[in-house]
Amino acid sequence: MDAADDLELESLHLLWMAPLANAGIYLVPGATFALLARRWPRRSFRAAIGVFAFMSLVGLLSIHRKLDPYAVLVLAAGAAVQVTSSA
């Protein structure tokens, strides 16, 4: 096997590994908010929107390599607060 074959096999594994990793990452907060929704329905809904908006925006903003990691966190947190306040 040469390097091109290894790269092809790695890219094929990416097709199932990336969605599985995303499901695992989002499953923990999702299950937590599902349990909290039984006790505090309105509050947990707004908190869930904020947390998932923050997590999604960090992923999107991390694509741009020119942004400092702290700037990514601050921008994502600010946008998540704005999304949550409008929900």
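The values are calculated or read from the model by the stated rules, or taken from the named source; none is laboratory data. Treat the numbers as computed from the prediction; the structure is a model and nothing was measured. Every residue, glycine among them, receives a Cβ derived from its backbone with ideal geometry; neighbour counts consider all protein chains shown.
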Which condition number in (1) more than 12 Å from the chain's Cα centre (by Cα); (2) in a helix (DSSP H, G or I) is the one that Arg65 fails? (2)
For the stretch 56-74, give me each residue that is surrounded by 15 or more Cβ atoms within 10 Å (Cβ to Cβ) and either hydrophobic (A, V, I, L, M, F, W, C) or in contact (Cβ under 8 Å) with a residue 60 or more places away in the chain (or both). Leu57, Val58, Leu61, Val72, Leu73
Per the list (1) closer than 27 Å to Val81 by Cα; (2) at pLDDT below 90; (3) not small (Gly, Ala, Ser), residue check on Tyr26 breaks on (2)
Looking at the stretch 38-55 only, could you name the residues that are touching a helix residue (DSSP H, G or I) at 6+ places or on another chain (Cβ under 6 Å), buried (at least 16 other Cβ atoms within 10 Å of the Cβ) and in contact (Cβ under 8 Å) with a residue 24 or more places away in the chain? Ile49, Gly50, Val51, Ala53, Phe54
